[in-house]
Structures are given as structure tokens and as C-alpha cells.
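Written out below as C-alpha cells is the structure these notes cover.
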Amino acid sequence: MTSEKIFPTIIPSILWPFTGLATGTPVLVRRLMAPQRKQRAEAAALNAKQDEITAQIAEAAEAAFAKKVAAEADPVKRAAMIQTQEAAQVAARQLELERARADRKAKRGKLGDAAGAAALMLIVGGPLVWSLVGPWVRPGIGLLIGGWWIAALIHAPASAKTPSKANTGKDVDEDFDALADDADQDQPEPPSTTLSPDQLVTAIERMVAIRALSDGGAGKVHLAEVLASLQRHGLYDGFDSRDFGALVRAVGLPIEKGVRVKGKGVSVGLTAAGLKDRLGHTPRLPPEAVADHTPAAV
């Protein structure tokens, strides 16, 4: 009986270097990738702000041009103004495409030059470099693996310990019987931190349907609004917009660029029209009363 109680304790300790490596590696990777993820999120926010400013400038220019055309009484001059505006837009678009083509060509040229230089250096200096570095490759790989192993063990989450009954005189079979009796009772389960795919689709459909009531049926909701609403209810804690966007795409919902929400600018998001193509019907509320957790558009 004593050995039965000792071995379940010793075996996890023996396997801990391997289980710690398996559980600590994802944590270590997330820690190392956190700065890059933060930079990507900041870059995405800056791009969204730039898109918003560009859209506002374009809207202001279109409004000014429309006002100028409306003030022109001569229909011939009005048609000439419209043609001139369209020609300017086409020329600007062609110039943009030419610049993009020139940038791609310059990048390809730089990559080709870098590849040629690297190949020449490898052919000419490769044997010399290998003669100097070769003896240190194996020790270096060993040190790298060992350092990673130690770092993974440091970041490994603590394993959950099962409660034990000390000095009770009961054997292992009686302990399992007690645990089985506890499992038969109705115990409240801890709330899930994520939704199932069907639940996520239903939640997003509900938010879009609620927003459609206030924006003329467009149902435009930013992805960041959806995530913030769910996180206020304890869901998807630790997710950023990029991770949550990948999850929404995985359940088949279309995420659109340039979604404008009144008072909130332009960003990626979802619309009633996009969800209609996916669901086969216009987003609608369930029959039962539903509390509005979607941030109201200003």
C-alpha cells in the first residue's frame, strides 16, 4: 500500500523535465513573441488611423467638388469639370500603380544583390569560416538546447495538485470511492473563457442585428468592439484583435476592411450584408429578450 502511494508521487517528479519542457515551451514562445505582437498591433492601429484620415480627406474633397459643380449653372462647364475630375483621379491611380511597380522592382533588385553577395561570400569564405567555426557548432547547439530547456522549465506553469488525506488510515481504493461520490454530485462548472464556434457566430449575429437597429440596417460593427464586449463578460481574456480576428475567420465569418462606424472611425469589422451571405438570412435577434451589450454608435 505504501509503494502505491509513493510511486504516483515519484513518477511525476521523474517526468517533470519532459512535461515541464512541453508545457513551458508555449509560454516561453508567447513571452518572446510579445514585443513583435505589440508592434504589429500598434502598426495596425496606425494604419487604421491613416486610412480613417485618408477617407475623411477624400470625403471632404468630394463634398467640396460636388458643391462647386452644383454652383455651376452652365451644363457644358459642369460636364467638363466632371470629366476633368475623373481624368485627374485616373491619372493619380496610374501614378500610384507605377510607383508601386517601381518599388517592387527596386525590392527585387535589392534582394537579388543581397543573394548574389551572400552566395559569393559563401563560395569564397565558406571553407575558411567553417574551419574556424566548425568545431564550435556542436557545443553551441548543445548550449542552445540546454538554455532553451532551462528557460522552458522556468516558465512551465505549476501543475495542479490533487488533494490528499493524510493520517486517515484509508487506502487508495477508499480515496477513489470518495472522489467518485463527489463527482456524482451536481457541482457548478467554472465558466468557459471562450465560446464554441456556434455560440460565437450567434453572439456576433446578435451584436450586428442590434447595431442594425440604429444605423439604418447596415449593422456595421468593428471587430475591436466585438472583442471588447466579450471581454467585459470574461470571455477571450488575453486575446488581441489579431488573434480574435483569426478565430472569427476560422468560424467562417467574413471580416471586412474599411468598415465605417459613425463616431468611431474606420477599421476592420463586420456588416449585416457580409453576415447575410454567410448565414443565408439577415442577422436577427433571437425570440427571447436579449440585453444590449454592443456599444451604441454615437
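Odds and ends about this structure:
- Length gained on full extension, ILE10 to ALA41: 6.7 nm, using 0.36 nm per residue less the C-alpha separation.
- Each of ASP198 and GLU96 was given a label point 7 Å from its Cα along the Cα-to-Cβ line. The distance between the two points is 4.4 nm.
- Each residue, LEU122 and ALA22, gets one label point 7 Å from its Cα in the Cβ direction; the gap between the two is 3.7 nm.
- Share of carbon and sulfur in the accessible heavy-atom surface of region 6-51 [1.4 Å probe, %]: 71 percent
- Ordering of 276-284, 83-91 by packing is 276-284, 83-91, highest average first (other Cβ atoms within 10 Å, averaged per residue).
- Accessible area of region 15-57 divided out per residue, in Å², using a probe of 1.4 angstrom: 74 Å²
- Stretching the chain fully between ILE53 and ALA115 yields a gain of 18.4 nm (0.36 nm per residue, less the alpha carbon separation).
- R0 of 25 Å, Cβ-Cβ distance PHE65-ILE255: FRET efficiency to nearest 0.05: 0.20
- With an a/c value of 1.5 or above and a/b not larger than b/c for the gyration tensor axes a ≥ b ≥ c computed over the alpha-carbon atoms, region 215-279 is described as oblate.
- Here the Karplus relation 6.51 cos²θ - 1.76 cosθ + 1.60, evaluated at θ = phi - 60°, turns the backbone of region 82-90 into coupling constants of 5, 4, 4, 5, 5, 5, 5, 5, 5 Hz, with x for every Gly and Pro.
- Summary of packing: across the peptides 99-110, 51-62, the per-residue average of other C-beta atoms within 10 Å ranks them, highest first, as 51-62, 99-110.
- ALA87-LYS262 FRET efficiency (beta carbon distance; Förster radius 25 Å; 0.05 resolution): 0.15
- Placed amide H near LYS220: partners under 5 Å, 5+ positions off or other chain: ALA272
The values are calculated or read from the model by the stated rules, or taken from the named source; none is laboratory data. Computed from a prediction, not measured in an experiment: that's the story for all the values here. Counting neighbours? That spans all protein chains shown, and the Cβs are built from the backbone with ideal geometry, glycine included. Ligands, DNA and RNA are excluded from the accessible area calculation, which covers all protein heavy atoms including side chains. Shrake-Rupley method; radii C 1.70, N 1.55, O 1.52, S 1.80 Å.
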